[in-house]
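Heads up, the thing below is written out as structure tokens.
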Amino acid sequence: MLRNNNVVARIFQRQIQTPPPGTSVHCARRFYENLVPSFTIYDVECPDHSFRKFTDDGQYLISFSRNHQDLIVYRPTWLSYSYKQEDCHLPSRAKRFDSFFTQLYCVPLASSNEVICKDFFLYVITNQFGLFATSTAQIHDAPAIGGAIQGVPSIERITFHLLRLEDGVILDEKVFRNDFINLAHNMGVFLYDDLLAVVSLRYQTIYILQIRESGNLVDVRAIGAFCREDDELFLNSNSQCMAVADRSKLHQSSGNHVDNGVHSNQLNSDNSFLCGIKQRLLSFIFQGIWSEETDKFQRVQCLKKKFYFHFQDYVDLIIWKVQFLDRHHLLIKFGSVDGGLQVSRSADHHASFFAVYNMETTEIVAFYQNSADELYLLFEQFCDHFYAMSRNSSYMNFISSHSNNIHALEQLRSIKYKASSLSQFVKKMLTSLPFSCQSLSPSPYFDQSLFRYDEKLISATDRHRPSTDHPIKFISRRQPHTLKFKIKPGPEAGSLDGRTKKVSSFLFHPFLPLALSIQQTLFLQPSVNIHFRG
């Protein structure tokens, strides 16, 4: 049955009809078909800042100074003017940035030799804390010392700052020295409720921290060289016992043999163990292959072919990326050193593997290659489980995916049917795993059950997009030929030089009909437009 588009009719229907169980929020979100950002202020007068995003509860707009030294936080307000027709002109006061946003404070974050990582920001919605990062410059040819991985760059100092966004007070800091953490688009850090996972690519360690209500960053565990808290103590005590035994044997043999010129009572440094997480991984692979065959001869042949032949390849794997699946399980992506720094570009061309790790039992419970059909089916049918949303983030629970939206599923299957190689398609789809934390906008205007739009030009994903001089159209799903609103980045008249490469970013408020579009052109000042419901 075709519903009435009128807002009054919808309100009346809401009063006399009860939605089916579990659909009340989805029914309420249909009102956004009538409440759209239909008016645009082009080239708004605004501070020369780098705007990052709205917080997931819509309370704050995060921005950084152009020199990447200061954090500037705004609170969204609302326009106090209205209009009735398209040709009505707003007063000049209404076209200013401060008509929509009120600056709360400006806090210096970076020191003289550090800069703010403008692509990194995580929001703790329960306490309204913000996590920011500053770092020094990368050293690309840093020597691999102290157990570091060869080929991974080094950063002298990386500092995570925990702020209370209500008043801008810095509550705590966590410093990593001579390390490398991929901070672009939150790739190397994942937040789940109050737990934080930080991936050190250089030293192959997953640091688990807890964000306390008091605003402290507390170390919980480090997964890498050791898996349990007492592993290091056990190995050190065991190595001391071995050293004593070796010295006693050396003393006994020196009484029976003449001096042969060897004077060493140290343990052989080449007899080093594999790191704890790598041993867990190799054990799981070995046991899986072992259980495939019951015949002893076939089992040995299978181990030779599938395990020992690839043993060094497994040993050389490094941790690329990590995400929480829940409070006890991590999804870890392994791959080569070359692919580890290309996760966002051409990582589908590199062989990679996914492991599910239980932090409590320190066991690997699942292992897949990036071309595994089994993992792809889980990704297709249960995509929402990979997002691992916080229990307290109500807006984030309604992001469209192919496991909760029939339109997104049809689009995915259309791409699948058109793919020339199923294996390459699976690899390409699984490059998004593990998901980057808080990288999707919860705005209802990206709800694919309400609107249809060109995902090459705009999407819920927090990324820059190629910009065109044509407006981006949002079409009604329920009425396929009805244009609901348009978003046009850049100047109203378009660019004078169509050959100049331009990129755009879009910041949508999580629930208000309000959005910012920022068009950036090389060597030119960014053009900021505000889209709102007039």
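The values are calculated or read from the model by the stated rules, or taken from the named source; none is laboratory data. Treat the numbers as computed from the prediction; the structure is a model and nothing was measured. Virtual Cβ from ideal backbone geometry, glycine too; neighbours counted across all protein chains shown. Note: accessible area is taken over every heavy atom of the protein model, side chains too, but ligands, DNA and RNA are not part of it. Shrake-Rupley method; radii C 1.70, N 1.55, O 1.52, S 1.80 Å.
Scan (1) among the aliphatic types (A, V, I, L, M); (2) more than 25 Å from the chain's Cα centre (by Cα); (3) within 28 Å of N186 (Cβ to Cβ); (4) open to solvent by 10 Å² or more (accessible area, probe 1.4 Å) for the single condition A493 breaks and write down its number.
All conditions pass for A493, except number (3).
How about segment 37-59: which of its residues are touching a Ser or Thr at 6+ places or on another chain (Cβ under 7 Å) and touching a residue at least 60 places away in the same chain (Cβ under 8 Å)? Even if it seems obvious, please write down each step before you answer.
Pass one, segment 37-59, residues touching a Ser or Thr at 6+ places or on another chain (Cβ under 7 Å): 43, 49-52, 56.
Answer for segment 37-59, where residues must be touching a Ser or Thr at 6+ places or on another chain (Cβ under 7 Å) and touching a residue at least 60 places away in the same chain (Cβ under 8 Å): D43, S50, F51, R52, D56.
Identify, by number, the condition in (1) of a type in the set (F, W, Y); (2) touching a Phe, Trp or Tyr at 6+ places or on another chain (Cβ under 9 Å); (3) not in a strand (DSSP E or B) that W320 doesn't meet.
(3) is the only condition that W320 fails.
Please work out which residue is nearest to L61 (Cα to Cα), limiting yourself to segment 115-174 and to residues that are open to solvent by less than 50 Å² (accessible area, probe 1.4 Å), without any contact (Cβ under 8 Å) to a residue 40 or more places away in the chain and in a strand (DSSP E or B).
The qualifying residue nearest to L61 (Cα to Cα) is T134.
For every residue, the table says whether it meets (1) among the charged types (D, E, K, R); (2) surrounded by 15 or more Cβ atoms within 10 Å (Cβ to Cβ); (3) under 26 Å from V337 (Cβ atoms).
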| position | (1), (2), (3) |
| --- | --- |
| D193 | yes, yes, no |
| L196 | no, yes, yes |
| Y203 | no, yes, yes |
| Y207 | no, yes, yes |
| N216 | no, no, no |
| E229 | yes, no, no |
| E232 | yes, no, yes |
| L235 | no, no, yes |
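I need a count of the residues in segment 411-442 that are open to solvent by less than 20 Å² (accessible area, probe 1.4 Å), in a helix (DSSP H, G or I) and either under 30 Å from K53 (Cα atoms) or at pLDDT below 90 (or both).
Final tally of qualifying residues: 2.
Could you please give the count of residues in segment 130-152 that are under 10 Å from F180 (Cβ atoms) and touching a Leu at 6+ places or on another chain (Cβ under 8 Å)?
The number of residues fulfilling the criteria is 3.
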